[in-house]
Structures are given as structure tokens and as C-alpha cells.
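Since every read-out is calculated from the coordinates, none of them should be taken as a lab result. Predicted, not measured: the structure shown is a model, and the values here were computed from it. For neighbour counting, all protein chains shown are included, and Cβ atoms are generated from backbone atoms with ideal geometry for every residue, glycine included.
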Amino acid sequence: MSSNRDENGSDACQRIEEFIFVRELNEVFLLLDHISGRWDKSLYNFHNHDDGEPHIDELCAIGLTPPDSEQQRVAQAVKVLCAKDKLNAAARPATGLTIAFTLLVVGEDNRRDWRNWLRDKMFGNGGSENGSAHSPHWDKPTRLTLARNAFPGLVRVASSFNLRMKLVVYLLLLGLVLTCVMSWHIAGGSAILQHLDAVQAAQAALSKEIEEAEFKHTASTTAPPTQFCTEADNAGLPRFRNTEEYQLCTRRRQLMAQAAAISMNLRDWLVPWQACYGTLARPFGRLPADGVVQASATPVERENRLQRAQEEQARVVTLVVGTAVLPLCYGVLGAGAAVVRGLWAKMRESLLSPRDFTLALLQLALGATIGACIALFVNPSGQTPGSEIGLLGNWALSTSALSFIAGFGVEGVFVALESLVRRVFNISDPARRPAD
């Protein structure tokens, strides 16, 4: 029994040693493939046989011929470890782990991908169900085979990383669409309110002209004071005393028609926001829609008060969404753009690692935070001379634009915040050495 136990233990140790040796050897070949495929990397030093270091022909011999003895196996292991150290130095900033993880995430002719399996089923020449006979290269090793053999523990991690990365990209695209729609909607509401303000200003100016015309008409006649645009004939049609009254009353009717059309557009514009507010406020109870209007008011007064209430609601919505919600969304989009750009650069340079997704989530959270708060530290454009300069200086940019920039360069913004904290609280910079 003891001899069997010793034999099992020795076999297990031998399998573990072989497993570790195979992993190291596959990582070395993966590094060789990466360096040989880069224009800015070179394997020239591995061809010099006078430096006492392992060479490419020796490494290839290790992979092709099994060792004859334990001493030769130990020597091969030493060569593999030395070559791994030297190749990692030649491939930097990439390492064997980042190269393998990038390949596992991105994939190159991934045989396990369902799209390749379906393509082989559709365009194959017949064979077994697993597709091995459909494609002559189906069972041949690829660079992904080296990556899986070198780092078997990263296969499942890379698959999860790939799915999460795609989910983040899809969510960012959805957020981009929603943010754009919200921005366009707020821009439309702002345009409606600006048009309404212009019409109201024109109505106020016209009222003054009508008052002056009424005083002028009263002073030129002995008739009692009269009010323009109020008289009508027996048929109910308006009657005008002179040409000036006709022109003023015509302009008044046109402005009233414009104001009515703008109020109707404003009412339609508020529908989605009222629906959102109603959904959020339903658990807490809601006032009736006409609660702001007195029950004893006439229909005309009720309509005027409802129009004023809708106008005030529209102004509140454009102010809150434009200065609070949209900057938050643009901060997240800026951070998301920086995350996607960083992942793209790391994929191009084979620098992906398992921790990059966690760092991406943290960058998104920081981007949302700084996007929502950046307006607190920036002075508005066109400030008065002599006022203090804000955190980012004076820029002719909107709050949403600043939020996007701050989310994209969140690290630089927090460096500026740290500098501001040192200035406000008079804290010395630890990076500066005191003068002698």
C-alpha cells in the first residue's frame, strides 16, 4: 500500500511539473510570436550564440524533442525560465500575461465562437457533427491555443471580460442615444420659451402703443375715453374708428394667435415630463390637475392660469435638466469614451489585463461624479473683471461640454482639485522640497 501511495504521489508531482513546464514553454512561444510580429521589437539578441543566453533554435528544440534524462529536463527548464525573463523585457510594456489575455478577449479565428461553428456548418463539405471534418484547419493549433495552454485560468475570465466589455459599450451607446434625445428635447423647449418671451415682449410693447393711441384719440375728440379693439357692429364684427386702431388691433390679434400656438406647443412639449413626474409622484400622492386654479375662476381666467403654470413648469424643467441632469449624463459619456479609447489602445498594444474592467467601472463612477459637480468649480463665461478665476479658468463652453471634457480627462480634473485644496487650505505640496 505504501509503495502504491508513493508511486501515485510521484506521478502527481511529475504531472504537475510537466503542466508547469508546458505552461512556461507556451508562454515563451507566445512572447516569441508577439515580438517577431512587431516592427518596433526585435529578436536579434536571441541569434547571438556567444552571450551564454538561450537562443531561438534551442527553444524550438525544447518544444520539438523530449528530454533524454532528468538533468536535460532541468537544463531545459532553466533555459525556458531565462528566455521568459529576457523575452518579457524585450516585449515590454507588454508581458506574457497581457498578450495571452488580449488574445483570449479579442480572439483570432476562435474555434469556440458560435459564429465560426455556424459558418463551418453552413459552408462546410460534410462530416461529423462537431465540425472537425467540415473544416480542415478546425483542430490545428493557433495563437489562442498557446494562450490557453500558457494561462488556462484566464480562459473563463477573458470570456466574462469580453461579455462585460460588450455590455458596457452597448449601455454607452444607449446612454448616448438617450442623452442626445434629451438634449434635443431640451433645446426644443428652450427655443419655444425664447419664442414665447419674444411674443410676450412684443405684446407688452404693443400694449403701450395702444395706450398712447387711446390717449391721443381721446385728446383729439370731445368723446368720452374709449378703449381700442372693443367695439363691434350688429353682426358681431369688430368696428374700428380709424386706420391706426385697425392696424394696432390686427397686430394684437396676430400676436395673440402666435401666443396661443406657442402655448399649445409648450403643452405638447411638457407631456413626457409630466408623465415622468406623474410616475414618480404616484406613490406619494398627487394634486388634481386643476388644483392650482380656483374653483370660482372664470374659464378665461382658468385658461390663463393654466398657461402660466405650464410656462413655469417648462422653465423649471429646462433649468433643472439643462444644468443638473445633462451634465451628469455627459460626464458619464466622457468617461465612457475615455474607457473605450483606453481599452482600444490596450488591445492594439496587447496590454489588456483582468483588472482593466474594474478600473473602467471606477473611471465611469468618477466621470459621473465630476460631471455632476464640475459646474460648481467653473465661473460662467463673460464674468466681470476682477472676479476670481475658477478651477478650469474662463472658457466659453456650456456646462454639458465642460462635463464631457471633465469626464474624459477625469484624472486631470482630480489633480486640479487636489491643487485647489492645497491653495484653499494652505497645505504645502509634498512633492516640493523645502528650500535650504
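Karplus-based coupling profile of region 263-269, in residue order and whole Hz: 4, 5, 5, 5, 5, 5, 5, with θ = phi - 60° in 6.51 cos²θ - 1.76 cosθ + 1.60 and x standing for Gly or Pro. Which net charge results when you count Lys and Arg as +1 and Asp and Glu as -1 among the other residues whose beta-carbon is under 14 Å from that of LEU366? Once all neighbours under 14 Å are counted, the net charge is -2.
I want the local charge near LEU319. Using Cβ-Cβ distances under 13 Å, sum +1 for each Lys or Arg and -1 for each Asp or Glu among the other residues. Intermediate values should be presented prior to the final figure.
Working: positive: ARG315; negative: GLU311, GLU312.
Its environment carries a net charge of -1.
Pop the C-beta distance of ALA337 and MET256 into the FRET formula with R0 = 60 Å and round what comes out to the nearest 0.05.
Details: r = 48 Å, r/R0 = 0.80.
Calculated transfer efficiency: 0.80.
Karplus-derived 3J(HN,Hα) values for region 342-356, using 6.51 cos²θ - 1.76 cosθ + 1.60 with θ = phi - 60°, are x, 5, 4, 5, 5, 5, 5, 9, 6, 10, 5, 9, x, 7, 5 Hz; glycine and proline are entered as x.
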